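Only the coordinates and a few stated rules stand behind these numbers; no lab work does. Just so it is clear, the structure is predicted and the values come from calculations on it, not from any experiment. Cβ: placed from backbone, ideal geometry, glycine included. Neighbour counts: every protein chain shown.
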2 protein chains.
Amino acid sequence: MKPSNIRIDDKRYWDSLMQSAKIGPGSQGGMSRLALSDSDKEMRDLFVRWCKDAGCAVAIDRMGSIFARRKGSDDSLPPVLVGSHLDTQIHGGPFDGCAGVLAGLEVIRTLNDHGVQTLRPIEVVNWSNEEGARFTPAMMASAVFAGVTPLDWALARKDKDGIAFGDALKAIGYDGSTPMGGRKLDSYFELHIEQGPQLEEKGIPVGVVTGSFSIRGMNIRVGGENAHVGPTPMDRRRNALVGAAHLIVAVNEIGWGEHQARGKATSARIEVLPNLFGILPHHAQVTCDFRHPEVEGVERMVRALEARLPEIRHRSGCDVEIVERWQYGSEAFSRACIDLVRDTAKALGIPSMDILSEAGHDAFHITHVAPVAMIFTPCEKGISHNEKEWSKIEDLAPAANVLLHAVLARASR
Amino acid sequence: MKPSNIRIDDKRYWDSLMQSAKIGPGSQGGMSRLALSDSDKEMRDLFVRWCKDAGCAVAIDRMGSIFARRKGSDDSLPPVLVGSHLDTQIHGGPFDGCAGVLAGLEVIRTLNDHGVQTLRPIEVVNWSNEEGARFTPAMMASAVFAGVTPLDWALARKDKDGIAFGDALKAIGYDGSTPMGGRKLDSYFELHIEQGPQLEEKGIPVGVVTGSFSIRGMNIRVGGENAHVGPTPMDRRRNALVGAAHLIVAVNEIGWGEHQARGKATSARIEVLPNLFGILPHHAQVTCDFRHPEVEGVERMVRALEARLPEIRHRSGCDVEIVERWQYGSEAFSRACIDLVRDTAKALGIPSMDILSEAGHDAFHITHVAPVAMIFTPCEKGISHNEKEWSKIEDLAPAANVLLHAVLARASR
């Protein structure tokens, strides 16, 4: 068979996904495979076995990311890297991340089936802790790999029980010794479910990710004052929870204001002290997230919130201060890799559309050290970070074949 | 000296309060002596020693409440009970509760000094876990004493670390064997700081508590849906934290609507799941508290919130349901005991005013089993449930003398 005619094995890819889906089940039929948990270890062990069975050499780096390498005919050339993550949200689904890692493995298995020897090596990667559900921030291991975040800082991050990332890695036996990054990559490809409704609504199986929404995040601290909820008159109160509630309502309204332009604004996390029914809280902290297809749009949302802070201070009597800010989504994907994905879909006769990523992905960090592209697949009703997240093999296989041939093209030159 | 001329020893009362204030210090100069903690045990041990030194027999009941008894000349008569609580809020002060328990001890010490033998026995009580800051609900031990709450249910209540009240009692050695309540009391008197600003503002040292604000509480559950904070469009979201924020804002506005009538409405506690920055929460629960001098007023506030629930459901897309309700504050104090407190103040030449309690107190429960009155003292700026809570001995001594002579009058008949 001519290499251009080979296709992935749909059944094998699906079976691997369904085996993964059994490890770390959630409480409502989905997944809850938190980074560096026992179930994460179980899935890692299975993945490593699968990779070795496919003839790959496996290396673990100091952040616990797993690299499975299929040799090239010139093994000294920088490899094509392909992958995503095997950890899930606390209430997640079987495809967010896993679809990409196991598509990478399926690419290698398919090349093995057909005896295709590539010029460059191909590596499949499982990035540790993409979700950030146990250890913040999200996408931590790819950030360290790309030199965005210091290794020591990341290893010291603690979960809510005070366990350090480095200690949790040791506990599951994935504290590897491979140095972090520092080596040349030919390119990086990541297949991922869209996590939004566009592909499904338009009936298009492949999203050519041309870039990202602009994303701005911030933590806002609300300072109030402890007082008895009983006798303290309304006009003497500085209830930090009231300040936080005004903030959350404002963020949500700002999101609605940019809804037509596909902007979103979210507060999904709050921290309150002492958080008891009988005492007005002196402290609250709210995490806010703004996303917009245009940089000007996201900046408009941030300015809108900043403009409302004086009113929120006035209405709650509290101090309200932005104490931390972050941003991402302006990382540029590679024009050559994007075009390759689009052209590959066309050559395979698979409908595709250009699309922006609205979520964060490890791929964003890797743009700092390699040419990058992403391929999106449809998922049911765009539902993700929910135990109902679902895709069918018909949703996934077309993109996996585009991935196969894009990787093959890069690895052959 | 004629019994009517005796007075408490201001210095001794203050010194005892200041010794108590050193046990279980807070982080900002106040107190953090949570119920059944090591510091609570240390304070209990000191209190028991003081009571024994004052010639009292000490009994501990099954909820760990401490009763120190000074014999009457007819010791078979029902005793006059006087007391309050030695536990504090997580961010509390040295007077909330302690002022009442140590005033009771000072009454006994003063009667000893002057060799006054009363007809009836007098008992000083320290009720366990008045604050409810570690184990909910508040005022739990007095509720069991009065037969309002079952003993087994109370012993099984757990703190946030999963430790049961009964086990925590055992751990500090205060799991007593005295049966709960079931015996006749002549009357119950509780001295307490006002925890509001009225007495200080009017320059009046004694508040004759004639009753309580009407208090209604509820837990409201908000049901949303997990989704990714990135790609999920605004019109597909059911963010439980947004529903909760609308609720908290509404509760606060309803409180302001009754501010002129001295009504208050509070949300001081929220619970959110999973409470992570990257996933819309599916669950939130908000505790709401309404207080008003008039029953009709508090019911107006509750109805106002109920009327706003449909709009909150609509604006957040969430389910919003009241899942638990409670009420108190309609317990009637004893007309005879109230009059006795007012008349005693007058006889001593101490200015007093009638006042309603705006906070919950153990006294409310004891109304079910005995005639009850309370005496309020001024506290600085009305601040309480705050580490800045403060009173001076000049604020406390007048009320303690009223307590002395009211108790003496009841115990002599």
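At-a-glance table
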quantity	calculated
The protein assembly as shown: Cys lacking any partner C-beta under 4.7 angstrom	A:Cys98, A:Cys288, A:Cys318, A:Cys337, A:Cys379, B:Cys98, B:Cys288, B:Cys318, B:Cys337, B:Cys379
For B:Gly115, label point 7 Å along C-beta direction: distances to other copies, nm	11.8
Max mean-square fluctuation residue, GNM over chain B, Cα-Cα springs under 10 Å, options B:Gly93, B:Gly243, B:Gly24	B:Gly243
Theoretical FRET efficiency, 1/(1+(r/R0)^6), r = Cβ-Cβ of A:Ala156 and B:Ser4, R0 45 Å, to 0.05	0.05
Helix axis angle, A:393-411 relative to chain A longest principal axis, alpha carbon, degrees	60
Residue with peak Gaussian network fluctuation, chain A [Cα springs, cutoff 10 Å], from A:Pro197, A:Pro310, A:Pro94	A:Pro310
R0 of 41 Å, Cβ-Cβ distance B:Gln28-A:Lys392: FRET efficiency to nearest 0.05	0.10
Charge dipole (the protein assembly as shown, unit charges on Cβ, about Cα centre) - positive-most of A:Ala332, A:Gly55, A:His368	A:Gly55
In order through region B:206-221: 3J(HN,Hα) via Karplus (6.51 cos²θ - 1.76 cosθ + 1.60), integer Hz, x for Gly, Pro	10, x, 8, 7, 9, x, 10, 4, 7, 10, 10, x, 7, 9, 10, 9
Where rotation carries B onto A, the chain B residue whose Cβ is nearest that axis, in whole Å	B:Ala245, 2
Members of A:Lys202/A:Lys264; B:Lys346/B:Lys392; A:Lys158/A:Lys264; B:Lys160/B:Lys264; A:Lys158/B:Lys170 lying beyond 32 Å, as alpha-carbon distances in this model show	A:Lys158/B:Lys170
For the protein assembly as shown, size of Cβ-based charge dipole, Lys and Arg +1, Asp and Glu -1, in debye	260
Gain upon complete extension [A:Val295, A:Lys11; 0.36 nm per residue less C-alpha separation]	98.1 nm
Extension gain from B:His368 to B:Ala59, taking 0.36 nm per residue of separation minus the Cα-Cα distance	109.1 nm
Nearest-ten-degree value, helix B:38-53 long axis tilted from longest Cα axis of chain B	20
Exposure proxy order (Cβ contacts within 10 Å, fewest to most) of A:Leu241, A:Leu199	A:Leu199, A:Leu241
Size of electric dipole in chain A: Cβ of Lys, Arg +1 and of Asp, Glu -1, about Cα centre, debye, nearest 20	300
Cα gyration tensor shape for region B:214-327, rounded if a/c is under 1.5, else prolate or oblate	prolate
Packing-based exposure ordering (other Cβ within 10 Å, fewest first) of A:His361, A:His385	A:His361, A:His385
Magnitude of the charge dipole, region B:1-103, Cβ model with Lys/Arg +1 and Asp/Glu -1, debye to 20	260
For A:Lys381, label point 7 Å along C-beta direction: distances to other copies, nm	5.2
Sum of side-chain charges, B:Leu119 neighbourhood, beta-carbon under 9 Å (Lys, Arg +1; Asp, Glu -1)	+1
Amide H contacts under 5 Å for A:Gly93, placed H, 5+ residues apart	A:Met31, A:His385, A:Asn386
Under 5 Å, built H, 5+ apart or other chain: amide partners of B:Ser84	B:Val101, B:Val125, B:Trp127
In range of the label at A:Ala164: residues from region A:31-73 whose backbone nitrogen is under 16 Å from the point 7 Å along Cα→Cβ	A:62-64
Spatial separation of Cα centroids for region B:119-177 and region B:212-291, in angstrom	30
Most mobile of B:Ile66, B:Ile383, B:Ile220 in a GNM of chain B (Cα contacts under 10 Å)	B:Ile220
Listed residue (B:Ser412, B:Gly211, B:Phe165) projecting farthest to the positive dipole end of chain B, Cβ model	B:Ser412
Distance in nm between pseudo-label sites at B:Met18 and B:Asp113 (7 Å out along the Cβ direction from Cα)	1.6
Relative contact order (%) - criterion: Cα under 8 Å, at least six apart; region: chain B	22
For A:Gly182, inter-copy label distances in nm, listed shortest first [label point 7 Å out on the Cα-Cβ vector]	7.5
Anisotropy class of region B:1-68 from Cα gyration tensor, a/c 1.5 cut	oblate
Cα gyration tensor, region B:179-238 - rounded (a/c under 1.5), prolate or oblate	oblate
Mean ellipticity per residue at 222 nm, deg cm²/dmol - from DSSP H runs of n ≥ 4 across the protein assembly as shown, formula -39500 (n - 2.57)	-11000 deg cm²/dmol
Estimated vicinal HN-Hα couplings, Hz - region B:119-130 in sequence order (Karplus 6.51, -1.76, 1.60; Gly, Pro = x)	5, 8, x, 10, 10, 9, 10, 10, 6, 5, 6, 6
Amide H contacts under 5 Å for A:Ser357, placed H, 5+ residues apart	A:Thr210, A:Gly211, A:Ser212, A:Phe213
Helix axis angle, B:98-113 relative to chain B longest principal axis, alpha carbon, degrees	0
Residues listed by number, region A:277-309, amide nitrogen under 12 Å from A:Asp319 label point at 7 Å toward C-beta	A:283-284
